[in-house]
Structure formats: C-alpha cells, structure tokens
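S.K.: There's a structure below that I have some questions on.
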Amino acid sequence: MARRPETLAAQALHRIDVETGAVIPPVHLATTYARDGANALIGAHDYIRPEGPTQAHAAALICALEGGADARLFSSGLAAAAAVFATLPAGAHVVAQTKMYYGAKKLLQSLETKGAIVLAFFDPDDPDALARAVKPGATALIWIETPANPLWSVVDIARAAETARSAGARLAVDSTSAPPCTTRSLDLGADYVVHSATKYLNGHSDVLAGAVVTRAKDEAWQALCDHHSLTGAVPGAFEAWLLIRGLRTLFVRFERQSANALRLAQSLEGHPGIAQVLYPGLPAHPGHAIAARQMTGGYGGLLSLRLRGGAKAAAQLAASTEVFIQATSIGGVESLIEHRKPIEGPQSPTPDDLVRLSCGLEAADDLMADLMTALERV
Ligand SMILES: Cc1ncc(COP(=O)(O)O)c(C=O)c1O
C-alpha cells in the first residue's frame, strides 16, 4: 500500500527489525561488516564510510520524504553543500543569491578566490534577476535557498528550474528552512535538494548533519557519491539514529512551529518598536504569493524583526528575552533569538537592526509575552 509522507516519517519507513521484531530501528555502531566463505558481503554494507545501515536508513527516509531517486548523508549541512560544489568542473560558472546563508556564501567565495569556480550573484527579491545572472550554455550550477536565512527572501523554485533547464545548468536548492513537509523542490524541477539536517530535519538541537537528495541517479550524482565516499564527511551511527528519531515528528513539529511564528508575526506587525516583520506567511511579505504556492505545509517557524532603534535595540532585544534563548541556529524545539549582524560580519547584506527568531514548540502565549516584555525594555 502506498503510504503518505506523514506515515513514512512517523514510522521511519516501517522497518521492523527482523531478528527481534523491534518497532524502533536499532543503532548499528559497527564500522565494518562480515563476508561469507565466498568473500561475498553478508548484508548490504561493507564499511562505515560511505555509510552503514543506520546512516543508509536515515538517508532513505529523507530521500522518500523529498521524493528523490537517491540521497547521501553528510557530517554537516556545509559538508553537503561543499560536496555539490566540489563535483563541479574546474572553473565552473555558478549563480547564487546575494542574500543567503552566510556560511555557504563564504564557502562559495573561498572557492572563487582559489579559482575553482566563477561566481555571479543575483538579488532574490528581484524576480527577474536570476535569468539575467545566468549564462546560457556556460552556467553549471544555480544555487538557491528559499526562504533564505535570515531575511527570508522567497525564490520561485519552479521558475528557477525552468531557467536552469533552458540554460543547461543544474538547480540545487538549500531547503533547510523549508523541509519536505512543506516544500518538495524536486517535484518543482530542482536537480538537488540540500539540507542542514542539523535544523528542522533533526529538530532537537543535538545533531550536526547534512543531506543531499537527487532527482536522478546520473553521472553527476555518481561523482557526488564518489566524493562522499572518498572524502568521508559522514555522520556517525548515533547521529544518524538521532536524526531518524527526529524525523519521525517532523510534520507535527513544523506545523506547531509555523503556527507559533505566524501568531508572533501577525501580532508584532505594527508594533511601534518594530520597523518591519520579515515572515513569508504575512501577506505584506514580497514573496508571500510564491511562498503560498510552494510552502504547502506552512511557512515555518523562522522570522526576523527589524528594530526602529537600530543595532543597539536589536542587541538589547536579543539579550532581554527569557523564554527565547539567545543562541545561534534554527529549527529546534526550543525558541532561539539572535542579533545576526555581529555573527555574519561586516560583509553581510543582513541589516544591523535585524533580530532572527526561530520559534519552537512552546506555548505561543509565553513566546508572545516574552517578546512584548523584552520590547518594552528596549
Ligand atoms: C540555510 C542553511 N544552510 C546550511 C547551513 C549549514 O548547516 P550546518 O551548520 O549543519 O553545517 C545552515 C546553518 O545555519 C543554514 O542555516
């Protein structure tokens, strides 16, 4: 019987352990796997790098949720991104956003400095800018991130896929802030979906991991798998097991986090201390119409506030909350707040009056009261 993604997630692909009947998958800590008298492997795995059964199980679940042909797990989200970049031909033309996760942007810029790639940036808030940045016949990769951390610019994935196809380029989507319970980029025409699984996929702020999911098992994917195996940026079995455990509740976590964020965004719009609330779920957000089309399971728990009092007010707000914890990262069950600019540095386009919020599973009334009290102190 075909099962819906919610069911696949809740039952972690319904893999009952054949030896014991355990309904929870075991964690396979073995680094190596035995062969029989004919030197044939007894099971499907031979060595922990590239993956053992627990890592393969987590990858298979993410692959199923994204509707992909195959997936690989990495030791971090940036290791997953690095694998996509590393398999490009030397000197490849790569198009990426001006406003995107600053770590991935730094990585791309460091590759350009070394001469490994040639970069062109486009403004994700200008719907026609991507087509202008692409060089038909020369661009090898279009890298988009939507909604993009921390300004939450929304990029039209289907349109970007169309642009990539007509230019002969591949489209990779960093979908960290829009996990498959809300956006399935491969269905919209992307070639790769990349995740920092550290965020929503695991969701409990206790695992560092990444994933790449592919639409097709082609030559480029084989090169990426070879890179994965040869460089060994793979997670341990326990991390992979925790990731499976986290994925089981992805849909309900995301639903609650989206509801909490929407309530905060709606309530904070028009607050005298706030110049702008950046949240794709608000009709006033420039990317709202696209987000409504491609984020079918909610707009997520991530929003940013721009404070009228500037950088000082932003720093004060982040230091004044009591329920929101002042810490970096996103997508966990606990709510976090962060003044972003000092983290990203002077080169970043993130304004210095911006505070990023990652809503968790707490009572919305507590989150609201916490922010209102903290805003009074600013
Ligand atoms: C959108 C996005 N992509 C990638 C990453 C990198 O992930 P990791 O910290 O797992 O390497 C992050 C981390 O914050 C992120 O927010």
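S.K.: Can you name the helices (runs of 4 or more DSSP H) wholly within segment 49-127 that have at least 1 residues being within 16 Å of the ligand (Cβ to nearest atom) and surrounded by fewer than 18 Cβ atoms within 10 Å (Cβ to Cβ)?
M.R.: In segment 49-127, the matching helices (runs of 4 or more DSSP H) lie at 77-86, 102-113.
S.K.: Going by what's in this entry, would His195 be described as outside the structural domain of Arg159 (by TED's automatic domain parsing) and either under 30 Å from Asp365 (Cα atoms) or open to solvent by less than 10 Å² (accessible area, probe 1.4 Å) (or both)?
M.R.: Against the criterion (outside the structural domain of Arg159 (by TED's automatic domain parsing) and either under 30 Å from Asp365 (Cα atoms) or open to solvent by less than 10 Å² (accessible area, probe 1.4 Å) (or both)), His195 does not qualify.
S.K.: Is it fair to say Gln266 is touching a residue at least 12 places away in the same chain (Cβ under 8 Å) and polar (S, T, N, Q)?
M.R.: Judged against the criteria, Gln266 is a match.
S.K.: Among the listed residues Thr183, Thr163, identify the single one that is modelled with pLDDT of 95 or more, open to solvent by less than 60 Å² (accessible area, probe 1.4 Å), part of a helix (DSSP H, G or I) and more than 11 Å from the ligand (Cβ to nearest atom).
M.R.: Result of the check over Thr183, Thr163: Thr163.
S.K.: Is it true that Gly203 is of a type outside the set (A, V, I, L, M), crowded, with 24+ Cβ neighbours inside 10 Å and on the phi > 0 side of the Ramachandran plot?
M.R.: It is true that Gly203 is of a type outside the set (A, V, I, L, M), crowded, with 24+ Cβ neighbours inside 10 Å and on the phi > 0 side of the Ramachandran plot.
S.K.: Check segment 284-296 and report whether any residue there is open to solvent by less than 10 Å² (accessible area, probe 1.4 Å) and part of a strand (DSSP E or B).
M.R.: Taking every residue of segment 284-296 in turn, none turns out to be open to solvent by less than 10 Å² (accessible area, probe 1.4 Å) and part of a strand (DSSP E or B).
S.K.: Where in segment 302-378 are there helices (runs of 4 or more DSSP H), lying fully within it, with 3 or more residues that are open to solvent by less than 50 Å² (accessible area, probe 1.4 Å) and not acidic (Asp, Glu)?
M.R.: Output list reads 310-320, 364-377.
S.K.: Another question about this same structure. Determine whether Ala220 is surrounded by fewer than 24 Cβ atoms within 10 Å (Cβ to Cβ) and in the same structural domain as Ala160 (by TED's automatic domain parsing).
M.R.: For Ala220, the condition - surrounded by fewer than 24 Cβ atoms within 10 Å (Cβ to Cβ) and in the same structural domain as Ala160 (by TED's automatic domain parsing) - is met.
S.K.: Ok, one more. Would you say Val234 is open to solvent by less than 20 Å² (accessible area, probe 1.4 Å), touching a residue at least 60 places away in the same chain (Cβ under 8 Å) and more than 13 Å from the ligand (Cβ to nearest atom)?
M.R.: No, not satisfied.
S.K.: Now, a different point. Just for segment 144-160: of the residues that are within 14 Å of the chain's Cα centre (by Cα) and without any contact (Cβ under 8 Å) to a residue 60 or more places away in the chain, which one is farthest from the ligand (Cβ to nearest atom)?
M.R.: Filtering segment 144-160 for residues that are within 14 Å of the chain's Cα centre (by Cα) and without any contact (Cβ under 8 Å) to a residue 60 or more places away in the chain, the one farthest from the ligand (Cβ to nearest atom) comes out as Ile144.
The values are calculated or read from the model by the stated rules, or taken from the named source; none is laboratory data. Computed from a predicted model, the values in this text were never measured in an experiment. Virtual Cβ from ideal backbone geometry, glycine too; neighbours counted across all protein chains shown. For the accessible areas, the whole protein counts, side chains as well, though only heavy atoms, and no ligand, DNA or RNA atoms are used. Shrake-Rupley method; radii C 1.70, N 1.55, O 1.52, S 1.80 Å.
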